[in-house]
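To start, the structure under review is shown below, and the notes come after it.
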Amino acid sequence: QSPAELNDLEIAHVAYVADNIDIRYAHLALAISQNAEVREFAKTMIRDHEAVNEQALALLKKLNAQPQDNFLSKTLQTNAEKLIDEMSKLRGAEFDKKYASNELAYHKAVNDLVENAFIPNIENAEVKALFEAGLEIFKAHEGHATMMVGKLK
């Protein structure tokens, strides 16, 4: 199974799941971290990912379509559960470093997936436009995460 072979509704579900996972990571950071920069980054993740999900849900409603669960969304969810369990046991600088490095790796991986596997294969023009706009936001997140990782070393 390849991400490039997913249909638009499966791709939409992967994106929705990925956004919700990052929102969960951010809520965990707000619950655990005392670092002002980490907390501000987490708040940005919640705000931006919730906004993108709202746009995606509105578009699905407009298209009268339902997102479709698939191998990739299930894999993301399983991996996230393990990571949330692992990170929830950390505190202080150890948590902050893990959260920041995970955010950087997660945004790199998702941005690569969106740019190289999803966008070239999305058939619906409105769905493609939403993903292109989202990619710009998430590339900015990747840059912010890169700076945060550098400061926490």
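No lab work stands behind these numbers, since they all come straight from the coordinates. Remember, predicted model here, so these are calculated numbers, not experimental data. All Cβ positions, even for glycine, are placed from backbone atoms using ideal geometry, and neighbour counts span all protein chains on display.
All but one of (1) touching a Ser or Thr at 6+ places or on another chain (Cβ under 8 Å); (2) surrounded by fewer than 13 Cβ atoms within 10 Å (Cβ to Cβ) hold for residue 120, so report the exception by its number.
Unmet condition: (1).
In segment 123-134, what residues are surrounded by 15 or more Cβ atoms within 10 Å (Cβ to Cβ) and free of Cβ contacts under 8 Å to residues at least 40 places away in the same chain?
128
For every residue, the table says whether it meets (1) of a type in the set (D, E, K, R); (2) farther than 16 Å from residue 10 by Cα.
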residue	(1), (2)
98	yes, yes
102	no, yes
125	no, no
128	yes, no
141	no, yes
147	no, yes
153	yes, yes
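Could you list all residues from segment 26-84 that are touching a Leu at 6+ places or on another chain (Cβ under 9 Å) and basic (Lys, Arg)?
39, 43
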